[in-house]
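Working notes for the structure below.
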Amino acid sequence: SDPAKDYSSIVAKNPDLKSAADLAGHTVAVNQLNGIAELTAKAAIDKQGGDSGQVQFVELPFPQMNDAVTTGRVDAALVVEPFLTAATSAGLHVVLAPQAYAVAGLPSTIFVASQPYASENADVVKRFNQAIGEAGARANADPDLARQIAGTYTQLPAATLSAITLPTYAEKAADVQGMRQLLELMNKYSMLEQQPDMDTLLASAGN
């Protein structure tokens, strides 16, 4: 809910693009059309006084976005870390922090398991949820440790790891309220061809 702690941002080069309202009539790159980036961008733009219906979203991989904005292929792009730090270091500016303004606590990373596995290994699922929650709490409390651990499985330079904004990690991994809020947003912006059975989909997560 705090824009200063959002690890994603819509960035631009054009100094006239300063707010959500300024994005009308412009192109914004997202990593996947009809994905969570486009969804949070639309929700944030509309909540901050813009009109997402007047924004043209185009699909680009994250590694190509900063160059696309710099060269004018697109007017703006929704980037996440470490590309956000690279963007601001290259002179691009933040127009909007979308996840913070879309829905506070909206999940951006989700662990899934097959229903037969979850049914047959209920104790594993329970202990996994507990472990993820404990890890999230520890990472939130000790960001230096989180950066250190990230350095063991990514190839990010130490200077980049020390500069990026870390996400807010879930401390209650089995809390599915964010998924229900996600469904509400997807329906608001007509992203679904059919409705998922949330009670079945989330059956194991609440245990």
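The values are calculated or read from the model by the stated rules, or taken from the named source; none is laboratory data. Fair warning: this is a prediction, and the values are worked out from it, not measured in the lab. With ideal geometry, Cβ positions are generated from the backbone for all residues, glycine too; neighbour counts draw on all protein chains shown. Just the protein is used for accessible areas: all its heavy atoms, side chains included, with ligands, DNA and RNA removed. Shrake-Rupley method; radii C 1.70, N 1.55, O 1.52, S 1.80 Å.
Of everything in region 53-82 that is of a type in the set (Gly, Ala, Ser) and buried (at least 20 other Cβ atoms within 10 Å of the Cβ), the residue that is nearest to MET191 (Cα to Cα) is ALA77.
Checking every residue in region 131-154 against the condition of being touching a residue at least 60 places away in the same chain (Cβ under 8 Å) and open to solvent by less than 70 Å² (accessible area, probe 1.4 Å) gives zero matches.
Against the list (1) assigned to a helix (DSSP H, G or I); (2) in contact (Cβ under 8 Å) with a residue 40 or more places away in the chain; (3) more than 19 Å from the chain's Cα centre (by Cα), the condition ALA113 fails is (1). Here is a check on your reading of the model: is LEU106 at pLDDT below 90, surrounded by 14 or more Cβ atoms within 10 Å (Cβ to Cβ), touching a Ser or Thr at 6+ places or on another chain (Cβ under 7 Å) and in a loop (DSSP other than H, G, I, E, B)? Yes, satisfied.
Results for (1) out of contact with any His (no Cβ under 8 Å at 6 or more places or on another chain); (2) modelled with pLDDT of 95 or more; (3) outside any loop (DSSP other than H, G, I, E, B); (4) more than 30 Å from GLU193 (Cβ to Cβ), shown as yes or no for each residue.
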residue	(1), (2), (3), (4)
ALA41	yes, yes, yes, no
VAL58	yes, yes, yes, no
ALA68	yes, yes, yes, no
GLY91	yes, yes, no, yes
VAL95	yes, yes, yes, yes
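In region 68-79, the residues that are closer than 19 Å to ILE45 by Cα and touching a residue at least 40 places away in the same chain (Cβ under 8 Å) form Cβ pairs under 7 Å with partners that are open to solvent by less than 50 Å² (accessible area, probe 1.4 Å) and among the aromatic types (Phe, Trp, Tyr), at six or more places apart or across chains, as follows: VAL79/PHE62.
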